[in-house]
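Report on one structure; see the data block that follows.
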Amino acid sequence: MWDSRDDISMPNGQAGVMARKSDGEDPLSETPIRFDVPSASSIASSSDRECVRDLLLVALTVASGAVDAISYLGLGKVFSAFMTGNLVFLGFGMAEIKGPNVVLVIVALSMFTTGAYLGLWFTSLRSNEAGLWPPAVTVLLILVAVTEASFFVVWLSTAGRPSTEVADVLIALFSLAMGIQTAAVRSLSVQGIFTTAGTFTLVAFAGTFARSRSISEMPRLVGVLLGLVAGAVAGGVLFLHARSYAPALPLMITVLVILAASTTRSSPNGPRQRF
């Protein structure tokens with residue numbers, strides 16, 4: 001027969017449930033059984049970090065909306081982020097239906113895939129999470145910003161009216177950046193969020209009404225959908241009225257996201273209770 005007792009003399013309020021035999025036999029080694037329960041302060045801190053992270057993801061979505069607006073309006077009606085559209089355009093080309101230049105489409109698809117591969121490979125080597133997301137994600141976003149800055153420099157040199165040859169280079173740069181960004185965001189495993197496309201986000205949004213997804217996801221999903229539209233509007237307006245400087249918008253947003261993520265540190269975990 002086994003008896004049990006609660007040991008309340010352990011330091012820091014730690015209590016262990018121990019077992020021993022009562023028939024006089026040699027007792028087994030006594031090992032306390034402990035359960036970690038996050039304190040209310042650590043839960044609140046985690047929730048705050050998630051809110052900030054979601055806001056930064058919405059900002060990146062605004063940037064990708066602007067990128068696609070600039071690409072579509074200024075680079076031969078080809079997308080740099082929305083690859084579903086480019087696959088449709090590729091089909092048009094194969095069927096000899098009038099559409100964007102197939103070479104530009106292939107460049108966009110190839111460079112986006114390359115960026116996604118590099119990003120996913122790099123995030124697989126990421127270190128422990130610190131701040132809002134792992135350091136590898138910040139490094140990838142820095143690469144996105146460098147690529148967008150290179151695009152801006154080349155775009156300015158042509159006054160926003162690149163030749164066909166230069167357009168190939170610009171599409172390659174923007175698509176590479178969007179592929180890297182997509183991989184960086186997906187490595188965070190935030191459900192329903194890609195920042196470069198809204199199809200699955202729209203499905204997830206519908207799922208909150210169908211009760212297949214938590215209603216708590218709705219603010220993030222709505223923010224991403226509205227951000228994509230807002231980015232396209234802003235990028236399109238800048239393209240029409242300040243053509244040479246339109247690419248400054250996604251670059252500026254990406255830089256601000258990097259700075260915000262780098263200056264936001266995880267709050268120390270609150271005290272933990274053991275039972």
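The values are calculated or read from the model by the stated rules, or taken from the named source; none is laboratory data. All values reported here derive from a predicted model rather than from experimental measurement. As a convention, Cβ positions derive from the backbone with ideal geometry for all residues, glycine included, and neighbour counts pool all protein chains shown.
Below is a table of values for the structure above.
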item	result
One residue from VAL105, VAL153 being at pLDDT 95 or above, buried (at least 16 other Cβ atoms within 10 Å of the Cβ) and more than 23 Å from the chain's Cα centre (by Cα)	VAL105
Tally of residues being aliphatic (A, V, I, L, M), in contact with a Gly (Cβ under 9 Å, 6 or more places away or on another chain) and either under 13 Å from LEU57 (Cα atoms) or in contact (Cβ under 8 Å) with a residue 24 or more places away in the chain (or both) across the range 198-224	2
Given (1) touching a helix residue (DSSP H, G or I) at 6+ places or on another chain (Cβ under 8 Å); (2) among the hydroxyl-bearing types (Ser, Thr, Tyr); (3) at positive phi, index of the condition SER187 fails	(3)
Qualifying residues in the range 189-228 (those that are in a helix (DSSP H, G or I) and farther than 27 Å from THR254 by Cβ) - the one nearest to the chain's Cα centre (by Cα)	SER216
Filter result for SER187 (surrounded by fewer than 20 Cβ atoms within 10 Å (Cβ to Cβ), touching a Gly at 6+ places or on another chain (Cβ under 8 Å) and at pLDDT 90 or above)	yes
Condition met for LEU176 (surrounded by fewer than 17 Cβ atoms within 10 Å (Cβ to Cβ) and either without any contact (Cβ under 8 Å) to a residue 40 or more places away in the chain or over 11 Å from the mean Cα position of the chain (by Cα) (or both))	no
Tally of residues being outside any helix (DSSP H, G or I), in contact with a helix residue (DSSP H, G or I) (Cβ under 8 Å, 6 or more places away or on another chain) and free of Cβ contacts under 8 Å to residues at least 60 places away in the same chain across the range 128-160	2
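Listed here are the residues, each with its yes/no results for (1) surrounded by 20 or more Cβ atoms within 10 Å (Cβ to Cβ); (2) closer than 18 Å to PHE151 by Cα; (3) at pLDDT below 90; (4) touching a strand residue (DSSP E or B) at 6+ places or on another chain (Cβ under 9 Å).
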{"residue": "ARG5", "(1), (2), (3), (4)": "no, no, yes, yes"}
{"residue": "MET18", "(1), (2), (3), (4)": "no, no, yes, yes"}
{"residue": "ASP23", "(1), (2), (3), (4)": "no, no, yes, no"}
{"residue": "ASP26", "(1), (2), (3), (4)": "no, no, yes, no"}
{"residue": "ASP36", "(1), (2), (3), (4)": "no, no, yes, yes"}
{"residue": "VAL67", "(1), (2), (3), (4)": "yes, yes, no, no"}
